[in-house]
Amino acid sequence: MEGKIIKGVGGFYYIHLHDDRIFECKAKGAFRNQGIKPAVGDNVYMDIIDEQELKGNVVDILPRKNKLIRPAVSNVDQAVIIFALAHPEPNYNLLDRFLIMMDRQDVDTHICLNKSDLIKNDSIQEIKKIYENCGYKVIVTSTYEDEEGYDGVRKLHDMIQGKTTVFAGPSGVGKSSLLNALNPDAKAKTGAISDKIKRGKHTTRHSELMYIGEETYIMDTPGFSSLYVDEMEANELKDYYNEFAIYSPRCRFNGCVHINEPDCEVKAALDNGAVSRLRYDNYKQIYEELKEKRRW
Ligand code: GDP
Ligand code: ZN
């Protein structure tokens with residue numbers, strides 16, 4: 001039987017089959033000798049031990065397309081970072097950190113701006129444009145009953161169709177509401193899985209894939225409230241600000257980090273408004289943080 005690991009807890013792996021059944025499995029395959037540990041998102045072969053009790057063994061792990069570290073999940077097609085346009089007030093510095101973190105893991109990342117019902121359309125378009133100019137797809141949503149918001153939810157639905165998508169964002173932005181809008185019976189389903197998995201002493205929330213039909217999986221990533229972009233050299237950071245790329249070749253200095261150098265074309269672009277001040281300020285703040293860290 002072929003299936004997908006949607007959750008791993010206490011040595012058990014929960015395998016979702018195409019017929020929508022979920023089997024509780026242990027890892028028994030030859031892959032264990034190779035030191036490969038099954039991960040959420042893995043496509044696996046499973047032997048059924050007990051059809052009634054839905055128990056089995058994972059006997060093989062199929063080749064992975066990729067494997068993320070944060071969140072720990074494999075075979076990811078894309079990520080969607082969800083922020084609210086208001087309530088809570090968006091922290092764009094944090095948004096940039098999410099984008100950098102995903103970019104560093106080579107994941108295509110899109111932005112979803114939720115709660116569009118709370119702010120004026122002009123302001124929405126302004127912020128949407130800033131991130132579109134950096135090469136991101138931006139979807140504006142509202143889970144509240146206004147037509148434009150729902151149009152956004154439909155676009156989000158189209159975006160994730162047939163794919164495995166990591167959903168991340170700070171709490172309170174409406175992630176759960178969006179997940180419910182994308183999949184009205186998600187609640188019932190996750191409930192069913194949680195019932196099956198007897199919670200042990202560990203109350204840490206585990207990463208879990210949610211199947212919403214038609215080969216579509218969503219990974220709801222818990223607990224990303226603050227993020228540190230570590231393990232990166234300060235002068236690497238500029239490479240994650242895609243919008244700098246068209247200007248930086250014309251900076252006077254090779255390897256210009258666009259902070260204090262003279263004849264910096266990125267700063268010239270900033271001055272004439274071609275590079276967003278919001279993005280640049282985030283860049284500078286993260287840059288200085290990284291620089292500071294390296295001194296220790
Ligand atoms: P989560 O913490 O990101 O999962 O956020 P929730 O889905 O629990 O939503 C947090 C709060 O925001 C709740 O009170 C929701 O009713 C509210 N909310 C969710 N989506 C929207 C929206 O599109 N517009 C507005 N105004 N409020 C929303
Ligand atoms: Zn420069």
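The values are calculated or read from the model by the stated rules, or taken from the named source; none is laboratory data. Note that the structure is predicted; figures quoted are calculated from it, not measured. Neighbour counts run over all protein chains shown; Cβ positions are idealised from the backbone, glycine included. Ligands, DNA and RNA are excluded from the accessible area calculation, which covers all protein heavy atoms including side chains. Shrake-Rupley method; radii C 1.70, N 1.55, O 1.52, S 1.80 Å.
Observations on the model:
- Selection of the stretch 46-60 for residues being closer than 24 Å to PRO71 by Cβ and open to solvent by 70 Å² or more (accessible area, probe 1.4 Å) yields an empty set.
- Residue in the stretch 256-272 that is open to solvent by 60 Å² or more (accessible area, probe 1.4 Å), away from ligand 2 (no atom under 13 Å from the Cβ), more than 18 Å from ILE100 (Cβ to Cβ) and outside the structural domain of ILE100 (by TED's automatic domain parsing) present: yes
- Options ILE119, ILE100, ILE139: the member that is of a type in the set (Val, Ile, Thr) and within 12 Å of ARG279 (Cβ to Cβ): ILE100
- Top-ranked residue in the stretch 63-80 [being of a type in the set (Val, Ile, Thr) and buried (at least 16 other Cβ atoms within 10 Å of the Cβ); ranked as nearest to the chain's Cα centre (by Cα)]: VAL80
- Of the candidates PHE31, PHE12, PHE83, the single residue that is open to solvent by less than 20 Å² (accessible area, probe 1.4 Å), aromatic (Phe, Trp, Tyr), under 26 Å from the mean Cα position of the chain (by Cα) and more than 15 Å from MET210 (Cα to Cα) is PHE83.
- When we screen ASP106, ASP19 for residues that are closer than 23 Å to PRO222 by Cα and either touching a strand residue (DSSP E or B) at 6+ places or on another chain (Cβ under 6 Å) or more than 16 Å from ligand 2 (Cβ to nearest atom) (or both), the only hit is ASP106.
- Lone unmet requirement of (1) open to solvent by 70 Å² or more (accessible area, probe 1.4 Å); (2) not acidic (Asp, Glu); (3) not in a helix (DSSP H, G or I) for LYS291: (3)
So that you can scan it fast, the table gives a plain yes or no per residue for (1) of a type outside the set (S, T, N, Q); (2) at pLDDT below 95; (3) within 27 Å of ASP106 (Cβ to Cβ); (4) outside any helix (DSSP H, G or I):
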position	(1), (2), (3), (4)
GLY200	yes, yes, no, yes
GLU215	yes, yes, yes, yes
PRO222	yes, yes, yes, yes
ASP239	yes, no, yes, no
PRO249	yes, no, yes, no
ASN254	no, yes, yes, yes
VAL266	yes, no, yes, no
ARG279	yes, no, yes, no
ASN282	no, no, yes, no
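- Answer residue from the stretch 34-45, given it is more than 25 Å from ALA168 (Cβ to Cβ) and of a type outside the set (S, T, N, Q) and is most open to solvent (accessible area, probe 1.4 Å) among those: TYR45
- Pairs meeting the criteria (first residue in the stretch 1-30 and under 16 Å from ASP47 (Cβ atoms), second residue assigned to a loop (DSSP other than H, G, I, E, B), beta carbons under 6 Å, at least 6 apart or on different chains) are ILE5/PRO38; ILE5/VAL40; ILE5/ASP42; TYR13/PRO38; PHE23/LEU54; ALA27/PRO38.
- Positions within the stretch 227-248 being in contact (Cβ under 8 Å) with a residue 12 or more places away in the chain and not hydroxyl-bearing (Ser, Thr, Tyr), in sequence order: LEU227, VAL229, ASP230, MET232, GLU233, ALA234, ASN235, LEU237, LYS238, ASN242, GLU243, PHE244
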